[in-house]
1. Quick one: how many residues across the range 149-192 are modelled with pLDDT of 95 or more, outside any helix (DSSP H, G or I) and small (Gly, Ala, Ser)?
2. Of all residues being of a type in the set (A, V, I, L, M, F, W, C) and assigned to a loop (DSSP other than H, G, I, E, B) in the range 16-68, which is farthest from Asn101 (Cα to Cα)? Just the residue, please.
3. Somewhere in the range 114-131, is a residue under 21 Å from Ser78 (Cβ atoms) and either outside the structural domain of Arg80 (by TED's automatic domain parsing) or charged (D, E, K, R) (or both)?
4. Determine whether the range 43-60 contains at least one residue that is surrounded by fewer than 20 Cβ atoms within 10 Å (Cβ to Cβ) and in contact (Cβ under 8 Å) with a residue 60 or more places away in the chain.
5. Return the only residue of Gly102, Gly77 being out of contact with any Asp or Glu (no Cβ under 6 Å at 6 or more places or on another chain), within 30 Å of Asp192 (Cβ to Cβ), touching a residue at least 12 places away in the same chain (Cβ under 8 Å) and not in a helix (DSSP H, G or I).
6. How many residues does the range 126-139 contain that are touching a residue at least 60 places away in the same chain (Cβ under 8 Å) and under 14 Å from Ala109 (Cβ atoms)?
Amino acid sequence: MGRVQEFDSGEALDKAMGVFWHKGYEATSLNDLLAATGLSKSSLYATFGGKRELFLTAYDAYREERAREMHDILARGSARDAVEAFFRLIIGNADRLEFSNGCMSVNHAVEMAPHDPDVQARVEADFQLIEDALAKTITRGQADGSVGTKENARRLARLFTVAFPGFQVMVRAGAKGVRMRDALATLLANLD
């Protein structure tokens, strides 16, 4: 009979996610993961399969969490207000310790996607998800009158999706205040 698991795998996954998010995949050592999760090496391997598998599982959990958050924000209020709220959240995250590491997908788009097909597919799926959600929201706004432009909603969504990593990187690099507000106002003017 096998030993009973004496730890919460969900909690271990959350802690591992935090390490990968903070340090990136390459800079995270097995010892970092063991220290953060409190797992033994054998438990980590038995539960998650190893560093790469743990990373992919943690990254997928992050992606699901952020997708839910994005859909919740984009469903609130008028469509224009929802798009603005989505980008204001990015700007506001600059002061939240939890998000001071930027967007995990944007980070891994740079760190891993160029040489890791599994990560590249996930990053591409994330950006497609953002584009699709924004296109749906902009279309809703064109119908409800909160988005005045008659520009193609998909094309606008692509512009906003391309702007998304720029906002994430700028905030992570310390940009705040008027610079980010001006950039957002200029981006949102495309919806008028």
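1. Number satisfying all stated conditions: 0.
2. Out of the qualifying residues, it is Leu39.
3. Checked the range 114-131: at least one residue is under 21 Å from Ser78 (Cβ atoms) and either outside the structural domain of Arg80 (by TED's automatic domain parsing) or charged (D, E, K, R) (or both).
4. The answer is yes; a qualifying residue exists.
5. After applying the criteria, what remains is Gly102.
6. 3
The values are calculated or read from the model by the stated rules, or taken from the named source; none is laboratory data. These numbers were taken from a predicted model, which means no experiment stands behind them. Note that we place each Cβ from the backbone using ideal geometry, even for glycine, and neighbour counts take in every protein chain shown.
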